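Below is one structure, written out as structure tokens, with a few remarks after it.
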Amino acid sequence: MKISVLTVCVALFVTSCSSTKNVDANLPKDVSERPRDENSQKYDQAQLDLLKTSIESEISKEKCTDASEWTFAPMGAKACGGPQFFIAYPKKIETTILAKINDYTEKVKAFNQKYGIMSDCMMIMPPASIQCVNGKAELVTS
């Protein structure tokens, strides 16, 4: 009797430890991988970074061969006013990319106000022109 009870206990132990975890890529991330507070500054900064990366990625898909086909726009917002930087983009995607750039800029303004962000108050001067270097648009300052 002792052997059969021991055998049953071992069998239950072995089967309970060998359970597998089903991983589904469509499920939300584990709670431990998400920010604790989705209203936190860290979370909001990550969202801004994703939006900026998305804009830069969309622009980088376009090859610069003729600088006259490119233009630039201010992007982001410093806490004391003015843009954080300027970004070059092809004129052919102007309507879609400008909407995203303006959305990013407005979200940065809201972020600065929400968290009381401080910045240098140095004015960023607009570039003088654009030049194509190795298929990439580069802003030229005067």
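Residues in the stretch 79-92 that are open to solvent by less than 60 Å² (accessible area, probe 1.4 Å), out of contact with any helix residue (DSSP H, G or I) (no Cβ under 7 Å at 6 or more places or on another chain) and outside any strand (DSSP E or B): GLY81, GLY82, PRO83.
The single condition among (1) without any contact (Cβ under 8 Å) to a residue 12 or more places away in the chain; (2) surrounded by 13 or more Cβ atoms within 10 Å (Cβ to Cβ) that ASN134 does not meet is (2). Among the criteria (1) in contact with a helix residue (DSSP H, G or I) (Cβ under 9 Å, 6 or more places away or on another chain); (2) in a loop (DSSP other than H, G, I, E, B); (3) open to solvent by 70 Å² or more (accessible area, probe 1.4 Å), the one LYS63 does not fulfil is (1). Selection over the stretch 66-76 of residues that are open to solvent by less than 30 Å² (accessible area, probe 1.4 Å) and closer than 15 Å to ASN102 by Cα gives a count of 3.
When the stretch 96-118 is examined, which residues are found to be more than 14 Å from GLN45 (Cα to Cα) and at pLDDT below 95?
Just the residues of the stretch 96-118 that are more than 14 Å from GLN45 (Cα to Cα), to begin with: 96-103, 118.
Selection gives MET118 alone.
What tally of residues in the stretch 97-119 results from selecting those that are open to solvent by 80 Å² or more (accessible area, probe 1.4 Å) and over 25 Å from ALA67 (Cα atoms)? Number satisfying all stated conditions: 6.
The values are calculated or read from the model by the stated rules, or taken from the named source; none is laboratory data. All figures in this text were calculated on a predicted structure; none of them were measured in a lab. Using ideal geometry, Cβ is built from the backbone for each residue, glycine included, and neighbour counts are taken over all protein chains shown. All accessible areas refer to the heavy atoms of the entire protein, side chains included, with ligands and DNA or RNA removed. Shrake-Rupley method; radii C 1.70, N 1.55, O 1.52, S 1.80 Å.
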